[in-house]
Amino acid sequence: MSANALIQTSALLVGVLGAGTAGLIVGVFDTYTPIFLIDSLTFLVSALLIARIQLDPAILTIDQHESTAKVWRQLKEGVQLLFSNRLLSGTLVAAGVAMLGLDAINILMVPFLVDDLKVPETWFGGVQFAQVSAMVISSGFVAAIARRFLPTQIIPFTLAVVGIDVAIIAAVTSIWHLIVLLFALGLVMTPLQAAISTILQTAVEDNMRGRVGGALDTLVQSATLLSMAFAGIFGDVIGIRETFVLGGLVVVTSALAAGRVFARPEPMTPPLEPTPIG
């Protein structure tokens, strides 16, 4: 749990800071052109860094002639295991359904700031920083939480908090109210994501972990795409605030569903237990 929290925090920290920086640059220069130029440059730098990695041919086990059929077969095996194991299916429900609600919030945050709260888009960086700072703070407490609670207990609770928080955002009238709520959201996001990763690592045998992880990512990203697609539609049809309420209800529903599934989990291999840190 502790290691997963650090991994999640570092990855999301960079992602959110990038989004916040983009909002700041657009606000300062009043144009989107620099964003695309900088984005292209970061991909180039990344490609150059990856190209410098030296691998020992003796440890390479990838068959360069693997067929597409084999890749799809392995993905199918991962999906089958996800749905055949009660613990893993609960994790899928938690991650997938939650993304349906959460990504709608992410997509509509900028128009919410500009159109509803009447603040410049440069505030996007500030509100995202509030969430990230809370995630960094909470990562320091994950080890202590893991000693007292199982991941199957952490996931439903944190999802419920996230859903309620998102629904309350619909009622804010001040940018400072939004910052407080996003800070509270960040406090529970790191334990939630760390718990999901921990279940995948402990409930799946080594030879299937990559397939299950790939299948889960595929399904969750599909939910993310659906959320992004429908967020704009609902934002136009029923309004941004109403969409936030709907998104919050979706996340709370996923918390209830996950709690019900985790109430009678299947035995895991190896057993999932709180592991003392240090």
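The values are calculated or read from the model by the stated rules, or taken from the named source; none is laboratory data. None of these values were measured; they are calculated from a predicted model. Backbone-built Cβ (ideal geometry, glycine too); neighbour counts: all protein chains shown.
Taking each residue of segment 73-84 that is more than 10 Å from Leu216 (Cβ to Cβ) and looking for partners that are among the small types (Gly, Ala, Ser) with beta-carbon atoms closer than 7 Å, six or more apart or interchain, yields Leu75/Gly214; Leu75/Ala215; Phe83/Ser89. So, in segment 225-256, of the ones that are among the hydroxyl-bearing types (Ser, Thr, Tyr) and buried (at least 20 other Cβ atoms within 10 Å of the Cβ), which residue ends up farthest from Pro156 (Cα to Cα)? Checking each candidate, the answer is Thr243. Within segment 163-196, the set of residues being surrounded by fewer than 19 Cβ atoms within 10 Å (Cβ to Cβ) and among the polar types (S, T, N, Q) comprises Thr173, Ser174. Here segment 18-50 is the region considered, the condition is being within 21 Å of Pro111 (Cβ to Cβ) and aliphatic (A, V, I, L, M), and the residue that is modelled with the lowest pLDDT is Ala19. Checked against (1) surrounded by fewer than 21 Cβ atoms within 10 Å (Cβ to Cβ); (2) over 22 Å from Ala195 (Cβ atoms), Ser133 passes all but condition (2).
Going by what's in this entry, would Val119 be described as touching a residue at least 12 places away in the same chain (Cβ under 8 Å), touching a helix residue (DSSP H, G or I) at 6+ places or on another chain (Cβ under 6 Å) and in a helix (DSSP H, G or I)?
Details: touching a residue at least 12 places away in the same chain (Cβ under 8 Å): yes; touching a helix residue (DSSP H, G or I) at 6+ places or on another chain (Cβ under 6 Å): yes; in a helix (DSSP H, G or I): no.
Considered against the rule, which asks whether it is touching a residue at least 12 places away in the same chain (Cβ under 8 Å), touching a helix residue (DSSP H, G or I) at 6+ places or on another chain (Cβ under 6 Å) and in a helix (DSSP H, G or I), Val119 comes out as no.
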